[in-house]
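What follows is a short report on a single structure.
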Number of protein chains: 2
Amino acid sequence: MLPRIVEVRKNVLKKNDLAAAALRDRFRAAGVCVVSVVSSPGSGKTAFLETTLALMRSRYRTAALVGDLATECDAERLRRSGAPVRQITTGTVCHLDAEMIERALDGRALADLDCLFIENGGNLVCPASYGPGEQLRVVLLSVTEGEDKPLKYPTIFNSADIAVVTKIDLAEAVGFDHAALLRNIERVRPGMPVLPVSSRTTYGFSSWMALIARRIGDAQPEPTPVHIDG
Amino acid sequence: MLPRIVEVRKNVLKKNDLAAAALRDRFRAAGVCVVSVVSSPGSGKTAFLETTLALMRSRYRTAALVGDLATECDAERLRRSGAPVRQITTGTVCHLDAEMIERALDGRALADLDCLFIENGGNLVCPASYGPGEQLRVVLLSVTEGEDKPLKYPTIFNSADIAVVTKIDLAEAVGFDHAALLRNIERVRPGMPVLPVSSRTTYGFSSWMALIARRIGDAQPEPTPVHIDG
């Protein structure tokens, strides 16, 4: 890259880091668990969140922000869960950054939420650099994309907390080699948790729900200590 | 985007356009047909080129350049066809630009080639803006990604000359709706040719080979007129 664009990019990233830190404080103070989802286009982020929101509906207060270059399709799909959903259209920008999230939240109180999901635009490269202040970053990878993806997009796998392998119901049809994927993830991110799911059949979602429940518990603000004077 | 990054980006795009125009002239003078392939990660660009190179082997002189953030995996796969292949590792840059192509060609004479393939890194956003001087840009989309992709990534579909629908052998397993895809492509790019293929079964490759053969014919330099003085 040209030295000048490198310099400008550094400043933009620094600016994002500051905005993300402010958001992270705000999320922590509100006691809301914020989960972001990144993947290639078509890995099944929206389907994964549709199933997730549907399963959480009766027990948790959820909401979602959805980033896309164009269209309101994904927000419309997620709204069917009954959760409030806001679409962020990014135009030609290939990722959501902290400022877009801040604008979309628009001063909204967050303390009435247990969990906020942020669906990033389909891209395995750029979202790695622009964290939106989330507590848990999930990278999705569908079995149809090939087992080599962690090696080819190491930065996004390194920046995520958990890998979710989607469309596991198609594993046999595409000759998916799960052991090879695990080896490749282990090479770029040793010890990363890997969760195979099918949003169609809900296979794997009980583990996912247990993980989210733990994270929601962790996000609860500490109870204010009660001092009893003797 | 910040005004300053918009300005720098404009300059970088302009610089790329100039480099791409110079490359295009060089390709035209050499009479080589240059085809670039763009898609999401895991849509099957490498598999598509593996089958393409294998089928062209006996009749044409081919070569390929392959862009990825990391690894030499794709170049190794394509080299099995016997064609000369060079990997371009882009680090954190999410697309191939004209200067990277120029550097990778490294002053190589191109007149001994019929067709040069350029496989871009997996990304449906950024490569739309950085043409590498190709004559034919192919956007790949696998049936597993969903029929909505043209609406959600209109710029890349608008910048491409043909859409190739890959993994068509999985269409039934994923409940792929071909008519819906065609409608969506028609909305963003009316009249765009759409070619369904399976790199595994070679379904659709006879049409693809016929198209490439025509393009190679078109790329041939005009024969030098012979003047016979009477």
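Is it the case that A:L18 is open to solvent by 50 Å² or more (accessible area, probe 1.4 Å), assigned to a helix (DSSP H, G or I), farther than 14 Å from A:F117 by Cα and at pLDDT below 95? Taking the combined requirement at face value, the residue satisfies it. Scanning the stretch A:149-171 for residues that are assigned to a loop (DSSP other than H, G, I, E, B) and open to solvent by less than 30 Å² (accessible area, probe 1.4 Å), which turns out nearest to A:V194 (Cα to Cα)? Per the criteria, the residue is A:A160. Name the one entry in A:A70, A:A47, A:A54 that is away from chain B (no Cβ under 11 Å) and of a type in the set (G, A, S). A:A54 is the lone residue from the list that is away from chain B (no Cβ under 11 Å) and of a type in the set (G, A, S). So for the stretch A:21-34 (the condition being open to solvent by 30 Å² or more (accessible area, probe 1.4 Å) and closer than 27 Å to B:V8 by Cα), does at least one residue qualify? So far as the stretch A:21-34 goes, yes, one or more of its residues are open to solvent by 30 Å² or more (accessible area, probe 1.4 Å) and closer than 27 Å to B:V8 by Cα.
Here A:V85 meets each of (1) hydrophobic (A, V, I, L, M, F, W, C); (2) in contact with a Cys (Cβ under 7 Å, 6 or more places away or on another chain); (3) open to solvent by 10 Å² or more (accessible area, probe 1.4 Å); (4) more than 9 Å from every other protein chain (Cβ to nearest Cβ) with one exception, condition (2). Comparison of B:L65, B:L69, B:L53 shows that the only residue that is among the aliphatic types (A, V, I, L, M), touching a residue at least 40 places away in the same chain (Cβ under 8 Å), farther than 19 Å from A:P154 by Cα and surrounded by fewer than 24 Cβ atoms within 10 Å (Cβ to Cβ) is B:L53. The selection criterion, being over 28 Å from A:T92 (Cβ atoms), open to solvent by less than 10 Å² (accessible area, probe 1.4 Å), in contact with a helix residue (DSSP H, G or I) (Cβ under 7 Å, 6 or more places away or on another chain) and within 13 Å of chain A (Cβ to nearest Cβ), does not hold for B:S142.
Is it fair to say B:A104 is open to solvent by 30 Å² or more (accessible area, probe 1.4 Å), away from chain A (no Cβ under 14 Å), of a type in the set (A, V, I, L, M, F, W, C) and over 14 Å from the mean Cα position of the chain (by Cα)?
no
Is it the case that the stretch A:154-169 has a residue that's in contact with a helix residue (DSSP H, G or I) (Cβ under 7 Å, 6 or more places away or on another chain), under 29 Å from B:T90 (Cβ atoms), among the aromatic types (F, W, Y) and modelled with pLDDT under 95? Checked against the condition, which is being in contact with a helix residue (DSSP H, G or I) (Cβ under 7 Å, 6 or more places away or on another chain), under 29 Å from B:T90 (Cβ atoms), among the aromatic types (F, W, Y) and modelled with pLDDT under 95, the stretch A:154-169 yields no hits at all. Given the structure, is B:A64 modelled with pLDDT of 95 or more and either on the phi > 0 side of the Ramachandran plot or more than 14 Å from chain A (Cβ to nearest Cβ) (or both)? Yes: the conditions hold for B:A64.
Of all residues in the stretch A:172-184, which are open to solvent by less than 40 Å² (accessible area, probe 1.4 Å) and within 11 Å of chain B (Cβ to nearest Cβ)? Selection gives A:V174, A:N184. Listed conditions (1) more than 9 Å from chain B (Cβ to nearest Cβ); (2) in contact (Cβ under 8 Å) with a residue 40 or more places away in the chain; (3) open to solvent by 10 Å² or more (accessible area, probe 1.4 Å) are all met by A:A128, apart from (1).
Among the residues of the stretch B:185-213, those identified as in a loop (DSSP other than H, G, I, E, B) and either of a type outside the set (F, W, Y) or open to solvent by less than 20 Å² (accessible area, probe 1.4 Å) (or both) are B:R189, B:P190, B:G191, B:M192, B:P193, B:V197, B:S198, B:S199, B:R200, B:T201, B:T202, B:G204.
The values are calculated or read from the model by the stated rules, or taken from the named source; none is laboratory data. Everything quoted here is computed from the prediction, not taken from an experiment. We place every Cβ from the backbone using ideal geometry, glycine too, and count neighbours over all the protein chains shown. The protein model used for the area step is the full one, side chains on, heavy atoms only, and it has no ligands, DNA or RNA in it. Shrake-Rupley method; radii C 1.70, N 1.55, O 1.52, S 1.80 Å.
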